[in-house]
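What follows is a single structure, written as structure tokens, with notes after it.
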Amino acid sequence: DAKTTQPTSMDCAEGRAANLPCNHSTISGNEYVYWYRQIHSQGPQYIIHGLKNNETNEMASLIITEDRKSSTLILPHATLRDTAVYYCIVRAASGTYKYIFGTGTRLKVLA
Amino acid sequence: DAGITQSPRHKVTETGTPVTLRCHQTENHRYMYWYRQDPGHGLRLIHYSYGVKDTDKGEVSDGYSVSRSKTEDFLLTLESATSSQTSVYFCAISESEVEEYFGPGTRLTVL
């Protein structure tokens, strides 16, 4: 599975959009991009995933570049409850579905 | 929330003693995973299961064994606990490539 690179930490003002980047330059054609987040000491929570098209759900939007070597998770209106560690993961679409987590980006939403 | 529980939630034990952590699910998902989380390392996969009695190693499997005798239970055993195995352990389940659901975690301290 391809590796990812994320900034260690980011700050965002409450109510503003939070844009979290991720580089995955060695991604393979059959690998999806997944985003999870972990709030405080809870278990990670699924946010969104995509292959090559941009995706949007009730939590966030995922923008994947045309060459698929990087992506951005967008939280459109960040709240204090969005303060968490955000993990970008790439994983094959088939097989045993196991994830390889990195250290993620620690997002702090400021009041 | 997905029906996934972990027991015990907290455990303190001594070096050299055996420890078994239990993950129980009510979702009938095929795949189950054990991760450990340590400061500076994010989540690391220990072992995973892709069916009853079908298991495989993850990134950090040394010192751990697993068993899955029925769909709903996935046991993680530390045969002889060491201080380096002090960690927070998360179980996860999944049925497809879409997402994993994580349990609440078990905090293990080995003295």
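The values are calculated or read from the model by the stated rules, or taken from the named source; none is laboratory data. Everything numeric here is computed off the predicted structure, so don't read it as measured data. Glycine gets a Cβ as well: all are built from the backbone with ideal geometry, and neighbour counts include every protein chain shown.
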Task: Failed condition for B:ILE93, given (1) under 30 Å from A:LEU51 (Cβ atoms); (2) more than 14 Å from chain A (Cβ to nearest Cβ); (3) touching a strand residue (DSSP E or B) at 6+ places or on another chain (Cβ under 7 Å); (4) β-branched (Val, Ile, Thr) - done: (2)
- [ ] All but one of (1) free of Cβ contacts under 8 Å to residues at least 24 places away in the same chain; (2) of a type in the set (Val, Ile, Thr); (3) in contact with a Cys (Cβ under 6 Å, 6 or more places away or on another chain) hold for A:THR56, so report the exception by its number.
- [x] (3)
Task: Index of the failed condition, A:ILE48 passing every other in (1) more than 21 Å from B:PRO39 (Cα to Cα); (2) hydrophobic (A, V, I, L, M, F, W, C); (3) touching a residue at least 40 places away in the same chain (Cβ under 8 Å) - done: (3)
Task: Residue list for region A:52-111, filter: in contact with a Gly (Cβ under 6 Å, 6 or more places away or on another chain) and part of a strand (DSSP E or B) - done: A:LEU62, A:ILE64, A:VAL85, A:TYR86, A:TYR87
Task: Residues being in contact with a Leu (Cβ under 7 Å, 6 or more places away or on another chain), surrounded by 21 or more Cβ atoms within 10 Å (Cβ to Cβ) and within 19 Å of A:LEU80 (Cβ to Cβ) - total across region A:1-43 - done: 2
Task: Residue satisfying all of: in region B:31-46; within 9 Å of another protein chain (Cβ to nearest Cβ) and in contact (Cβ under 8 Å) with a residue 24 or more places away in the chain; farthest from A:ILE100 (Cα to Cα) among these - done: B:TYR31
Open item on the list: Whether any residue in region A:83-92 is loosely packed, with under 14 Cβ neighbours inside 10 Å and β-branched (Val, Ile, Thr) is what I want to check.
Closed with: no
Task: Hits in region A:1-51 (condition: among the hydroxyl-bearing types (Ser, Thr, Tyr), within 30 Å of B:GLN6 (Cβ to Cβ) and part of a strand (DSSP E or B)) - done: A:SER9, A:TYR32, A:TYR34, A:TYR36, A:TYR46
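Considering only region A:41-56, state which residues are away from chain B (no Cβ under 11 Å) and out of contact with any Lys or Arg (no Cβ under 8 Å at 6 or more places or on another chain).
A:GLY50, A:ASN53, A:ASN54, A:GLU55, A:THR56
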TODO: Check off (1) closer than 23 Å to B:PHE102 by Cβ; (2) away from every other protein chain (no Cβ under 13 Å); (3) among the β-branched types (Val, Ile, Thr) for A:ILE64 and give me the number that stays unchecked.
DONE: (1)
TODO: Identify the single condition in (1) modelled with pLDDT of 90 or more; (2) within 8 Å of chain A (Cβ to nearest Cβ) that B:GLU99 does not satisfy, given that it satisfies every other one.
DONE: (1)
- [ ] From (1) within 14 Å of another protein chain (Cβ to nearest Cβ); (2) among the β-branched types (Val, Ile, Thr); (3) touching a residue at least 24 places away in the same chain (Cβ under 8 Å), pick out the condition that doesn't hold for B:THR86.
- [x] (1)
TODO: Look at B:THR26 and say whether it is within 20 Å of B:ARG107 (Cβ to Cβ) and surrounded by fewer than 17 Cβ atoms within 10 Å (Cβ to Cβ).
DONE: no
Open item on the list: Whether any residue in region B:64-83 is surrounded by fewer than 14 Cβ atoms within 10 Å (Cβ to Cβ) and without any contact (Cβ under 8 Å) to a residue 12 or more places away in the chain is what I want to check.
Closed with: no
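Which of the residues that make up region A:44-54 are surrounded by 16 or more Cβ atoms within 10 Å (Cβ to Cβ), in contact with a Ser or Thr (Cβ under 8 Å, 6 or more places away or on another chain) and under 15 Å from A:PRO76 (Cβ atoms)?
Selection gives A:ILE48 alone.
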